[in-house]
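Shown below is the structure under consideration.
The values are calculated or read from the model by the stated rules, or taken from the named source; none is laboratory data. Keep in mind that what you see is a predicted model, and the values were worked out from it rather than measured. Here the Cβ positions follow ideal geometry from the backbone for every residue, glycine too, while neighbour counts run over all protein chains shown. Surface areas here come from the heavy atoms of the whole protein model, side chains and all, with no ligands, DNA or RNA. Shrake-Rupley method; radii C 1.70, N 1.55, O 1.52, S 1.80 Å.
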Amino acid sequence: MLLTRKEFVITLAGAAALPAPSPLKVLLVFAHPDDESVVAATVYRLTHELGAIVDHVVITNGEGGYRYSKLAESLYGASLTDEANGRSRLPEIRQRETRQAGRILGVRKHYFLQQRDQRFTLDAGEALDHLWDTAFVRHRLEALLEEEHYHAVLTLYPEPTTHGHHQAAASLVLDAVAALPAAARPAVLGAVTAPNGPDPRADFVLNRHTPLPQNRELDYSIVVNWVIAEHKSQGLLQRDCNRFDSEVYHLLNSESRPAAQQLFQRLTTGDHQ
C-alpha cells in the first residue's frame, strides 16, 4: 500500500526518533598499572575501529614496582628505587602514566581503587586476605557492572604460575559477575601474551601483527609499543616491546561463550555495525 505524503513524513519522523543501538561496552580489570599493555592491540581495535566504550579499573597503586624505576629517576626527579621514596611517589606517577596510555587506547574512564602492592607473590590469598580491602573492591566492581551493563570484562588469565595479584583480580571479577542475574552477565576473558603462536587451549586470539587495511606495512604491534613506552617508571616492562606476537584469551565463564564469540567475530571481520 502506498503512503500519502503526510503518512510518509510521520513515518520518517518516527524512525528518526528510534534510539540508536547501544555501543559495545568493555571493562578492563587489572591488578597493576601497565597490565593493560597485555590487551593493548585488542582495546585499540575495540575503541578505534568498533567505536566501543572501554573503562579501566586498576586495583593497586603499583608502588611495588619501585624496583624497576631506576631509568626513570632522572625523568621524574626522584630517587624512586629507594623503597620508602618509591612507595610514596609512584602511586601518583603510575596513575599519570596509566592515563597517558589510556589516551592512546581510547579509554573512557579510569577507576583507581588504590589498594596496596606489596611485592611479587604466587599466593592470591596474600592480597585477598591481607593486603586489599576485598569487600570494597568487590563492591566497586559489582556497582560498575550493574550500572554500566558491559558486554565483556577483560582481566589477566589467572594461571597458578602468574602473580598472585592477577589471580586475585580475576577471582574478584568472577565473584562480581556471578552476583548479577544470569541474563546480565558479561563474558569474562582472561588474557595472556604469546611469543611464538597461541596456546592451542585458547578460546580466542588476536594477532598483533595483523596489517592495517589502509597500509599493510603497519600493524597493531606499533600501538602496543606506544602503550608500553608510556609506563616509563617500569623499566622491565620496556623489554616487552616487540616481544609477543599474540593476545590470547581464555573464557572464564563458559555460559557467556556466545557473547564472547560475537565480540571476537566483530574484531576479526572489522564489523563496525
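On the full set of protein chains, 1.4 Å probe, figure out the accessible area of ARG208 and give it in Å² to the nearest 10.
We get 10 Å² for ARG208.
Then there is this: Please report how far the C-alpha centroid of the range 28-67 lies from that of the range 217-273, rounded to the nearest whole angstrom.
Comparing the Cα centres of the range 28-67 and the range 217-273, I get a distance of 10 Å.
Can you put LYS25, LYS70, LYS232 in order of accessible area, largest first, using a 1.4 Å probe?
Numbers: LYS25 30, LYS70 130, LYS232 90 Å².
Per-residue accessible area, sorted high to low, gives LYS70, LYS232, LYS25.
Here's something else I'd like to know. Nearest 5 is fine: what % of DSSP beta bridges in the chain come out antiparallel, could you say?
40
Also, quick follow-up: Counting Lys and Arg as +1 and Asp and Glu as -1, each charge on the Cβ, what is the dipole of the chain about the Cα centre in debye, to the nearest 20? Walk me through the intermediate numbers first.
On the way: 27 positive and 33 negative charges, 145 e Å.
The calculated dipole for the chain is roughly 700 debye.
Apply 1/(1 + (r/R0)^6) to the Cβ-Cβ distance of THR268 and LEU71, taking R0 = 30 Å, and write down the FRET efficiency to the nearest 0.05.
The formula returns an efficiency of 0.20 here.
Students often forget the sequence filter, so: which aspartates and glutamates lie under 19 Å Cα-Cα from LYS232 once same-chain residues fewer than 8 apart are removed?
Those aspartates and glutamates meeting the cut-off are ASP34, ASP35, GLU36, GLU63, GLU73, ASP82, GLU83, GLU92, GLU97, ASP117, ASP240.
Relative to the first principal axis of the alpha-carbon coordinates of the chain, what is the inclination of helix 164-178, with its axis defined by its Cα atoms, in degrees from 0 to 90 and to the nearest 10?
Orientation of helix 164-178: about 30 degrees from the principal axis.
Each label point is 7 Å from the Cα along the Cα-to-Cβ direction; what then is the distance between the points at THR210 and ARG103, in nm?
Calculated label separation equals 2.7 nm.
If DNA, RNA and ligands are ignored and the probe is 1.4 Å, what is the ranking of PHE244, PHE30 by accessible area, most exposed first? Don't skip to the answer; put the middle values down first.
On the way: PHE244 35, PHE30 0 Å².
Descending order: PHE244, PHE30.
Still on this structure: Could you please put GLU230, GLU255, GLU217 in sequence from largest to smallest accessible area, using a 1.4 Å probe?
Details: GLU230 35, GLU255 110, GLU217 165 Å².
Listed by decreasing accessible area, they come as GLU217, GLU255, GLU230.
Express in nm, to one decimal, how much length is gained between ARG201 and GLU148 on full extension, taking 0.36 nm for each residue of separation and deducting their alpha carbon distance. Don't skip to the end; give the middle numbers.
On the way: separation 53, 0.36 × 53 = 19.08 nm, distance 3.08 nm.
Gain on extension, ARG201 to GLU148, equals 16.0 nm.
If you place +1 on the Cβ of every Lys and Arg, -1 on the Cβ of every Asp and Glu, and leave all else neutral, what size is the dipole of the range 149-247 about its Cα centre, to the nearest 20 Debye?
Once rounded to the nearest 20, the dipole reads 80 debye.
Which of [x] 118; [y] 170; [z] 227 is the computed volume of the Cα convex hull per residue in Å³ for the structure on display?
Recomputing volume of the Cα convex hull per residue in Å³ here picks out [y].
Calculated FRET efficiency, ALA179 and SER79, Cβ-Cβ r, R0 45 Å, to nearest 0.05?
According to the calculation, E is roughly 0.55.
With charges set only on the Cβ (+1 for Lys and Arg, -1 for Asp and Glu), what does the dipole of the range 40-170 come to about its Cα centre, in debye to the nearest 20?
For this selection, approximately 480 debye.
Give me the angle, in degrees from 0 to 90, between the Cα long axis of helix 257-269 and the longest principal axis of the Cα atoms of the chain, rounded to the nearest 10.
Approximately 90 degrees, to the nearest 10.
Shifting gears a bit: Choose one of PHE136, HIS32, VAL223: the residue whose Cα lies farthest towards the positive end of the charge dipole of the chain (beta-carbon charges +1 Lys, Arg; -1 Asp, Glu; about the Cα centre).
The one lying farthest along the dipole's positive direction is VAL223.
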